[in-house]
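No lab work stands behind these numbers, since they all come straight from the coordinates. No experiment lies behind these values; they were computed from the predicted model shown. Neighbour counts run over all protein chains shown; Cβ positions are idealised from the backbone, glycine included.
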Amino acid sequence: MLSDSLNVSSSFPFIQACRRQPVARTPVWFMRQAGRYMKEYRDLRARHSLLEMCRTPELAAEVTLQPIRRLDVDAAIIFADLLLPAQAMGMDLQFVEREGPVLSGALRDADAVRRLKDVGDGELSYVGEAIRIVRRELAGKVPVIGFSGAPFTLASYMIEGGASRDFAQTKIMMYSAPELWRELMEKLVAVLAGFLKSQVAAGADALQIFDSWVGCLSPGDFRQYVLPYSRSLISKICGLGVPIIHFGTGTATLLELMREAGGDVIGLDWRVELDKGWERVGYDVAVQGNLDPVVLFGPRHLIEQHVDVVMRAAQGRPGHIFNLGHGILPTTPVENVQAVIQMVHSFEHHTPNRVASLRER
Ligand code: CP3
C-alpha cells in the first residue's frame, strides 16, 4: 500500500517540488480551495452542516473534488477541519454562523485536561474513508494532501473554547501551569501522530501541519513551549515516506525555529518576502507560499504584478510550491483564482536554476 503510493506520488510535480526536484512548471494549490467562494460548495453546504460534510466520507470526498474539477490545481487537500480531533477527544464542537467554531468545556484546569480521551483507531476513521474515495475518484490525476493542526494551534482552540484575539488563556496555562501544558501537548502529539498516520495509510500523498496561530508567540516562548512538541509530532511521521509541509502565519520571527522543528516544506505567509524567507530557512528545505489572499480581489494587472513578485523571488529554484500565505477568503472571485493558476503555470523563469530541458512544450 505504502510503496504503491510512493511510486505513484513521485511523478507528481507537487511531490517533486516538495522534494526539491526540478519541475517543468511550478505546482500550485490553495489552502481552503474547497469552500464558500465556490457555488458548488455553497449549494451543498445549504443542505448540510459543516460537521455533517466533514463526517460523511462521500460528502467530504465530493467537496474535496469540486476545486479539482473547476481549477487546474496540482493537489487536492482532503476536506476536513482542524478541530475534529478535539471532538474525538471528547469536547463538544459546533460551528456557529458568523462566529466560527465553539468548543464547549474549554480546558482551564487539570481535571479538564485529564478527562480528554485517547483517540482510538475508529474515531476519526471517516477522514481516512474520504481519502480512499478521493484517491479512487482522482485515479492518479493529482496527489492528495492530508492534514492536521499543529499541537499549539489545536491546544489554543481547546483552551480558549474558540477563536481568540490575544490567546490569553492559552498563554496563562503555558506560563502558570507548565506541567499541565506539557501534559496537554504530549496528549495532542500522540493523537495527531495517530491521525496523520491513518491518513497516509488511507492514501494521503503528503501531509500539512497547520500552526495557524503560532505567530502570537515570541521566539523564546516558541522554543520553550512549542518547538519540542511540533518536533516530536514531525519526528513520528517523517518516516512514512510522504513529504511534510509545516505551515504557520505571522511567523516572520519564527521561521528558523519552525525549520528546526522539522518539515520538508516550510509555509511562508505574505508578511515575509519569499526569497528572504527561503534564505533564512535554508535551501535544503522547500518553501510554500506566499501571495496575500486579499490580492485575489484586485484588478487583473495588480494580481499579475503580485504573482510576478512571488515567482521572481523563487528564482526557478527547485522546491517552490505556489500558494497563498493563508486560506482563500469566502467571497474571492473564482475567475481570479483561475487566472492566478494560469499565471503560475505559464511563468517563464529566465535563470540557470531552471532545468530547461525538462519543459514539456
Ligand atoms: O483547505 C481546504 O480546502 C480543506 C478544508 C479545511 C477546512 N478547515 C474546512 C473549513 C481546512 C484545511 C481547514 C483547517 C482549519 N480549520 C484551520 C487551519 C487553516 C487556517 O485557515 O488557518 C483552522 C484554524 C480551522 C478552524 C476553523 N474551521 C475556523 C476558524 C472556521 C471558521 C472560519 C470561517 O471562515 O467561518 C472553520 C470552518 C471551516 N472549515 C470552513 C471550511 C470550508 C468554513 C465553513 C462553512 O462552510 O461555514
Seminar exercise, completed: Note, segment 78-84: 3J(HN,Hα) by Karplus (6.51, -1.76, 1.60, θ = phi - 60°), whole Hz, Gly/Pro = x, goes 4, 7, 7, 9, 4, 8, 4
Exercise. Of all the Cα-Cα pairs you can form in the chain, what percent are over 35 Å apart?
Worked result: 19
Problem set entry | Rounded tilt (10° steps) of 151-160 against the dominant C-alpha axis of the chain | 50
For this session: Could you tell me the distance between the Cα centroids of segment 270-339 and segment 81-143, to the nearest Å?
Result: 29
For this session: Report, as a whole number in µm² per second, the diffusion coefficient that Stokes-Einstein gives for segment 102-211 at 20 °C and 1.002 mPa s using the Kirkwood radius over alpha carbon pairs.
Result: 140
Problem set entry | For K236, net neighbour charge (Lys/Arg +1, Asp/Glu -1) across residues whose Cβ lies under 14 Å away | +2
Problem set entry | Centroid-to-centroid separation of segment 39-72 and segment 244-264 [C-alpha atoms, Å] | 30
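When Lys and Arg each count +1 and Asp and Glu each count -1, what net charge do the other residues less than 15 Å away from V285, Cβ to Cβ, add up to? Each step should come with its number before you reach the end.
Values: positive: R19, R20, R231, R259, K276, R280, R317; negative: E256, E260, D264, D275, E279, D284.
So the environment of V285 carries a net charge of +1.
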Problem set entry | Over the chain: helical MRE at 222 nm, DSSP H runs n ≥ 4 each giving -39500 (n - 2.57), nearest 500 | -13500 deg cm²/dmol
Problem set entry | Ranked by how many other beta carbons lie within 10 Å on average, peptides 56-62, 119-125 from highest | 56-62, 119-125
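Quick check on packing: order 295-307, 253-265 by the mean number of other C-beta atoms within 10 Å, highest mean leading. Write down the numbers at each step before the final one.
Numbers: 295-307: 15.0, 253-265: 20.4.
Going by the mean number of other Cβ atoms within 10 Å, highest first, we get 253-265, 295-307.
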Problem set entry | Charged-residue dipole, Cβ positions (Lys, Arg, Asp, Glu), the chain about Cα centre, Debye nearest 20 | 500
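Rg to Rh for segment 246-308: what is it, with Cα atoms only and Rh by Kirkwood? The partial results should precede the final answer.
Working: Rg = 12.6 Å, Rh = 12.2 Å.
Computed over Cα atoms, the ratio is 1.03.
How high is the relative contact order of segment 18-126, in percent, with contacts defined as C-alpha pairs under 8 Å that are six or more residues apart? If you can, show how the numbers build up before the last one.
On the way: 89 pairs, mean separation 23.9, N = 109.
About 22 percent, as a whole number.
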For this session: Pull up the DSSP beta bridges for the chain and report the antiparallel fraction as a percent, rounded to 5.
Result: 20
Exercise. Taking only the alpha-carbon atoms of segment 42-153, what semi-axes of the equivalent ellipsoid follow from 5 times the gyration tensor eigenvalues under a square root, in whole Å, largest first?
Worked result: 28, 16, 12
Problem set entry | Least to most buried among Y283, Y229 (fewest other Cβ within 10 Å first) | Y283, Y229
Problem set entry | Residue among L255, L240, S218 farthest towards the positive dipole end of segment 218-302, charges placed on Cβ | L240
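Explain nothing, just the number: dipole magnitude of segment 42-167 about its Cα centre with +1 on each Lys and Arg Cβ and -1 on each Asp and Glu Cβ, in debye rounded to the nearest 20.
Details: 16 positive and 19 negative charges, 57 e Å.
Using Cβ point charges on Lys, Arg, Asp and Glu, segment 42-167 gives about 280 debye.
Which order, highest average first, do 242-251, 157-166 follow once you tally other Cβ atoms within 10 Å for each residue and take the mean per peptide? Intermediate results must be reported in sequence, preceding the final value.
Working: 242-251: 23.6, 157-166: 17.5.
Peptide ranking by packing, descending: 242-251, 157-166.
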Problem set entry | Label-point gap, in nm, between L44 and A168 - each point 7 angstrom along Cα→Cβ | 4.0
For this session: Obtain the nm distance between the two label points defined at D284 and R69 by a simple spin-label model: each point lies 7 Å from its Cα along the Cα-to-C-beta direction.
Result: 4.5
Problem set entry | Local net charge near L103, Cβ-Cβ under 10 Å (Lys/Arg +1, Asp/Glu -1) | -2
